[in-house]
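A quick write-up on the structure given underneath.
The values are calculated or read from the model by the stated rules, or taken from the named source; none is laboratory data. Model, not experiment: these values are computed from the prediction. Counting neighbours? That spans all protein chains shown, and the Cβs are built from the backbone with ideal geometry, glycine included.
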């Protein structure tokens, strides 16, 4: 991953974190995380939609920048894999809590 891409990702993540921190002070327990998760899911959906759109434009001959299309597709793929791993970890944590004896 190039430095430019990493620099582009870092500010968005810190903005999302500061926004979720600000809402968690006024929201009830767990609402800050739910809002953050909903925002990240929406961002993932938009990233995948943008990658599909750029691929469709490439297939139609409207976009000749294959390199950018492949970068968009790879970013969407990595974002989806990250979301899937977060879901798996949350599910494992929930299952572990359910196995605990009271």
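The set of residues from the range 78-95 being touching a helix residue (DSSP H, G or I) at 6+ places or on another chain (Cβ under 7 Å) and within 17 Å of residue 36 (Cβ to Cβ) comprises 79, 83. For residue 9, the test of being part of a helix (DSSP H, G or I), under 11 Å from the mean Cα position of the chain (by Cα), closer than 18 Å to residue 86 by Cβ and at pLDDT below 55 is passed. Filtering the range 60-102 to residues that are outside any helix (DSSP H, G or I) and loosely packed, with under 12 Cβ neighbours inside 10 Å leaves 61, 62, 64, 100, 101, 102.
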